[in-house]
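*Asks:* Got a structure for you, written out below as structure tokens; questions coming shortly.
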Amino acid sequence: MSSKMEEELGTLLDGGAVPLPDTFDVAPQSPQPLKLRHNVCYIVMGILLNDQNEVLMMQEAKPECRGSWYLPAGRLERGETLVDGLCREVIEETGLLCQPRTLLVVEERGAYWVRFVFLAQATGGVLKSSSLADKESLQALWWDTVSPLPLRCRDVLRLIKLALDYHRLPSHPSILPLLCPSPFLVLRLLLVCTSSGVMQILQSSAAPAHLPTIVCTRYGSSILAPLESLLQDPPDSYGILGVQHQGGDNADGACFNIMGVFNGSVPPVVRTEGLSWAPVVDEGLKARLEETLKKNVLLPLYS
């Protein structure tokens, strides 16, 4: 394993961003850059809790769901970072300023629709009352999650539970998007297999060796679909180690640093040329990887 790849691994394990290479290990023949409101939609959603573990909700103003309640959320605008979009949506729909604590989960329906769900805390502002109703929302309130409330969609209930569980006992360290441009939606794969006491990592054999990078096609059923073509067997478990996004011209894409684990007696067969398994020789790096796997500190990805 090259020193450059060891440096790359160390940066990712520290929660840092690694710029994408000029060429990718797997990509469509003519990948088209992503452009918000054109061929990709990012949703930002905020879950804010108060000291009584009540959750901030907003009442919908849109005609098709007017009067129902939902978590503050909306589409990312051109040129926005994910955090900027979150803060804008929360203040527009609830009247409150906020500061994100961490991403809770990323949900995807292929490369064309991705929702970033944040746990955040209120830092100021005034709770929106019905007298301030506008096209963004009718009003906002703190909900105890028990009292009857007509919800726009019940998908928020599992997300609220996830937030309450994380608030009581964090399941991963704070993970916030890192500013790093990408024209495409990219997976950077940190795939680990430990068999017979030997830890191995999938690497690209392109010089210098690095972690594999895959450009996701927006026509796939899931952004994880390329894994099926790369390897004979899927990871036994996986999650997000970090998210990279910047936004703006030729940078509306995102990079998900995915960590996956294989528990078999031998590494799965690699179906793609240019990728191979390499042993981790550095004992310090091996210990860090083992600790990361042991703590299971990865962000969930719902497909």
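The values are calculated or read from the model by the stated rules, or taken from the named source; none is laboratory data. All values derive from a computational prediction rather than experimental measurement. Because the Cβ atoms are built from the backbone with ideal geometry, glycine has one as well, and the counts that use them run over all protein chains shown. Heavy atoms of the whole protein, side chains included, go into the accessibility calculation; ligands, DNA and RNA do not. Shrake-Rupley method; radii C 1.70, N 1.55, O 1.52, S 1.80 Å.
*Asks:* Calculate, axis by axis, the spread of Cα positions in the stretch 208-247 along the three principal axes, and write the results as whole Å, longest axis first.
*Replies:* 33, 29, 22
*Asks:* Using DSSP to call loops (not H, G, I, E or B), can you name the trypsin sites (Lys or Arg not before Pro) in the stretch 39-116 whose Cβ has at most 14 other Cβ atoms within 10 angstrom?
*Replies:* Arg66, Arg78, Arg109
*Asks:* Now a separate question. What distance in nm lies between label points placed 7 Å from Cα along the C-beta direction at Ser30 and Asn263?
*Replies:* 4.6 nm
*Asks:* What Kirkwood Rh does the chain have if only Cα atoms enter the pairwise 1/r average? Answer in Å.
*Replies:* One over the average 1/r among Cα pairs gives 20.5 Å for the chain.
*Asks:* Let me ask something else. In straight Cα distance, which lysines are under 30 Å from Lys286, not counting same-chain residues fewer than 8 positions off?
*Replies:* Partners within reach: Lys4, Lys294, Lys295.
*Asks:* Please compute, over every Cα-Cα pair in the stretch 116-267, the percentage with a separation greater than 18 angstrom.
*Replies:* 72 percent
*Asks:* Output the Cα-based Rg and Dmax of the stretch 138-179 in Å, rounding Rg to one decimal and Dmax to a whole number.
*Replies:* When restricted to Cα atoms, the stretch 138-179 yields Rg and Dmax of 13.6, 40 Å.
*Asks:* Okay, next question. Remind me, relative contact order of the chain in percent, using alpha carbon pairs under 8 angstrom and six or more residues apart?
*Replies:* 24 percent
*Asks:* Please list the three semi-axes, largest first and in whole Å, of the ellipsoid equivalent to the stretch 40-103, using sqrt of 5 times the eigenvalues of its alpha carbon gyration tensor.
*Replies:* Equivalent ellipsoid semi-axes, largest first: 19, 17, 9 Å.
*Asks:* Which lysines, if any, have their Cα less than 16 Å from the Cα of Lys62, not counting same-chain residues under 8 positions apart?
*Replies:* Lys135
*Asks:* Another question about this same structure. Calculate, axis by axis, the spread of Cα positions in the stretch 144-234 along the three principal axes, and write the results as whole Å, longest axis first.
*Replies:* 58, 37, 31
*Asks:* Per residue, how large is the accessible surface of the stretch 181-246? Use a 1.4 angstrom probe and give square angstrom.
*Replies:* 35 Å²
*Asks:* What do you reckon, how do Tyr302, Tyr166, Tyr112 stack up by accessible area (1.4 Å probe), largest on top?
*Replies:* Of Tyr302, Tyr166, Tyr112, the descending order of accessible area is Tyr112, Tyr302, Tyr166.
*Asks:* Shifting gears a bit: Convex hull over the alpha-carbon atoms of the stretch 1-135: what's its volume per residue in Å³?
*Replies:* Spelled out: Cα convex hull of the stretch 1-135, divided by residues, is 163 Å³.
*Asks:* To continue, here is another question. Take the solvent-accessible surface of the protein heavy atoms, probe 1.4 Å, and return the percent of it on the chain that carbon and sulfur atoms account for.
*Replies:* 51 percent
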